[in-house]
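In what follows, a structure is listed as structure tokens, so that the remarks can point back to it.
The values are calculated or read from the model by the stated rules, or taken from the named source; none is laboratory data. Predicted model, so just to flag it, every value in this text is computed and none were measured. In this analysis, Cβ positions are derived from the backbone assuming ideal geometry, glycine residues included, and neighbour counts consider all displayed protein chains.
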Amino acid sequence: MKKSLIPPNIQILIYPSLILTALAILSFVVINFGLAQISKQSQAVSEAKINEKILAEKEATLTEISATVAKEAASVSLALPEENPALAILSQLKLLALSKTIVLSNIKVGVGSQEENLLRVNISFNANGQDINVLDFLSSIKNISPITTIEKIKMSQVSGVLSADTNVRGYWSLLPKTLPKVTEPVTNLSEPERNLLEKVMALTPPSFTQVTPSAPSIRDNPF
């Protein structure tokens with residue numbers, strides 16, 4: 001029988017040592033995993049507290065501005081709608097012309113096109129009337145909603161009547177496709193943004209005709 005090179009007393013300790021080593025490695029892995037989970041849960045709790053604070057502040061802010069935000073949002077939507085505003089602008093121009101005692105003729109609406117992040121439409125017309133009335137009409141276009149800018153004017157006068165061959169431009173923009181996260185803080189408007197909002201609120205909104213529903217009536221029997 002071949003004699004083992006490892007003494008018997010050492011052989012007895014090999015298996016317990018292996019078991020202890022395996023237990024030590026397993027304990028190390030478990031402890032590291034446990035610590036990682038504890039750290040992750042601690043971070044999640046911290047983030048939850050931060051989000052809770054943000055949501056509380058957002059709720060307070062939204063409650064405070066709820067009385068005015070709907071009106072402001074409506075004014076912004078009218079000033080820069082999400083669809084081609086050509087019809088609304090034409091309605092505004094005709095009402096404005098009527099109030100200034102001038103006549104619009106040769107009205108033409110162009111095809112919508114894109115300019116950077118905005119969509120635009122060109123509208124051309126002739127504004128005819130007394131000098132002061134036509135000039136007053138042209139200077140008032142900047143005060144109507146949807147936002148309308150004058151791109152070109154060519155004036156001529158015949159028999160005391162001023163004719164302004166005018167080209168204006170209206171704008172619209174698509175609504176954003178994604179909304180900010182619920183936990184994103186609400187930021188107050190800057191001073192330039194607040195000033196711009198006040199100018200938008202001061203624009204003359206388009207007039208919409210409301211059709212009053214008729215009362216129900218008894219239908220005659222056709223037979």
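Being more than 23 Å from Ala74 (Cβ to Cβ) and modelled with pLDDT under 85 is the requirement here; does Asp165 meet it?
Values: more than 23 Å from Ala74 (Cβ to Cβ): yes; modelled with pLDDT under 85: no.
When the stated conditions are applied, Asp165 does not pass them.
Looking at Asn133, Asn128, Asn167, just one residue is over 26 Å from the mean Cα position of the chain (by Cα), outside any strand (DSSP E or B) and closer than 22 Å to Leu95 by Cβ, and that residue is Asn133. Within segment 65-76, residues that are assigned to a helix (DSSP H, G or I) sit with their Cβ atoms under 6 Å from residues that are of a type outside the set (S, T, N, Q) and modelled with pLDDT of 70 or more, at 6+ positions apart or across chains, in these pairs: Ser75/Val200; Ser75/Met201; Val76/Val200. Within segment 170-206, the residues that satisfy the criterion of being touching a Ser or Thr at 6+ places or on another chain (Cβ under 7 Å) and at pLDDT 70 or above are Gly170, Val200, Met201, Leu203, Thr204, Pro205, Pro206.
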